[in-house]
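*Asks:* Please read through the structure below; I'll follow up with questions.
The values are calculated or read from the model by the stated rules, or taken from the named source; none is laboratory data. The structure displayed is predicted, hence computed values, not measured ones. Backbone-built Cβ (ideal geometry, glycine too); neighbour counts: all protein chains shown. What goes into the accessible areas is simple: the full protein's heavy atoms, side chains included, and nothing from ligands, DNA or RNA. Shrake-Rupley method; radii C 1.70, N 1.55, O 1.52, S 1.80 Å.
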Amino acid sequence: MQFGRYYEEFEVGAVYRHWPGKTVTEYDDHLFCLLTMNHHPLHLDAHYAETASQFRRNVVVGNYIYSLLLGMSVPDVSGKAIANLEIESLRHVAPTFHGDTIYGETTVLDKRESASKPDRGVVAVETRGYNQDGTLVCVFRRKVMVPKREYAAAAVPDGVDPERPSFPEPR
């Protein structure tokens with residue numbers, strides 16, 4: 001299975017559909033909120049959400065949806081990344097609720113070779129997240145520094161493939 005891409009493998013305009021999707025549970029939302037110390041009752045308190053919000057139910061915290069989509073994109077986009085350089089923009093377009101399933105796709109917007117290091121390049125992408133109804137819920141743009149194939153070839157000691165490390169022999 002491919003995990004990430006080298007610079008040469010990215011084509012401007014290519015669209016990668018990330019699989020599988022993820023159904024967001026109440027537990028996922030509450031755990032993320034508690035881990036990140038976001039205690040807003042819109043996310044954690046069902047009674048509050050039912051009586052004091054326009055949606056009449058809990059809304060999944062947006063940064064969880066962003067994080068989920070970022071993670072979904074790793075095997076297709078940044079699995080070989082040298083560095084994540086920038087999150088250029090992030091928009092939460094529509095709310096996500098407990099029980100929604102999120103699907104993601106990423107479009108390659110641009111790519112350029114590094115000006116200072118010839119063994120790598122910078123790829124700009126836009127990732128979009130949709131719920132099970134096809135409603136756009138989140139969109140963000142980022143730039144990732146990825147190696148060229150020559151970088152990987154130079155980094156391989158004694159013919160060991162860094163993507164398929166060997167494991168010690170059992171004793």
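*Asks:* Restricting to segment 84-113, what's the tally of residues that are out of contact with any helix residue (DSSP H, G or I) (no Cβ under 9 Å at 6 or more places or on another chain) and among the hydroxyl-bearing types (Ser, Thr, Tyr)?
*Replies:* Matching residues across segment 84-113 total 3.
*Asks:* Can you pull out the residues in segment 139-171 that are modelled with pLDDT under 90, open to solvent by 80 Å² or more (accessible area, probe 1.4 Å) and either within 23 Å of residue 88 (Cβ to Cβ) or acidic (Asp, Glu) (or both)?
*Replies:* 150, 158, 169 - these are the residues of segment 139-171 that are modelled with pLDDT under 90, open to solvent by 80 Å² or more (accessible area, probe 1.4 Å) and either within 23 Å of residue 88 (Cβ to Cβ) or acidic (Asp, Glu) (or both).
*Asks:* Under 7 Å between Cβ atoms, which residue pairs at least 6 apart in sequence (or on different chains) link something in segment 8-37 that is of a type in the set (D, E, K, R) with a partner that is at pLDDT below 95 and part of a helix (DSSP H, G or I)?
*Replies:* 8/149; 29/43
*Asks:* Also: Quick check on segment 92-126: of everything there that is without any contact (Cβ under 8 Å) to a residue 60 or more places away in the chain and within 14 Å of the chain's Cα centre (by Cα), which residue is surrounded by the fewest Cβ atoms within 10 Å (Cβ to Cβ)?
*Replies:* My answer is 126.
*Asks:* With respect to residue 13, determine if the residue is in contact with a strand residue (DSSP E or B) (Cβ under 8 Å, 6 or more places away or on another chain), assigned to a loop (DSSP other than H, G, I, E, B), closer than 30 Å to residue 121 by Cβ and at pLDDT below 95.
*Replies:* So residue 13 does not fit the description; no.
*Asks:* When the residues of segment 47-88 are filtered to those that are of a type in the set (Ser, Thr, Tyr) and in contact (Cβ under 8 Å) with a residue 12 or more places away in the chain, which remaining residue is farthest from residue 7 (Cα to Cα)?
*Replies:* Within segment 47-88, the match that is farthest from residue 7 (Cα to Cα) is 64.
*Asks:* Just to check your reading of the model, which residue among 36, 23 is of a type in the set (Ser, Thr, Tyr), surrounded by fewer than 20 Cβ atoms within 10 Å (Cβ to Cβ), farther than 22 Å from residue 123 by Cα and in contact with a Ser or Thr (Cβ under 8 Å, 6 or more places away or on another chain)?
*Replies:* 23
*Asks:* Here's another thing I want to ask about it. Identify, from the list 69, 136, the residue that is at pLDDT 95 or above and open to solvent by 30 Å² or more (accessible area, probe 1.4 Å).
*Replies:* None of the other options fit; the residue is 136.
*Asks:* Quickly run through segment 36-47 and pick out the residues that are over 21 Å from residue 90 (Cβ atoms) and either among the charged types (D, E, K, R) or modelled with pLDDT of 95 or more (or both).
*Replies:* 45, 47
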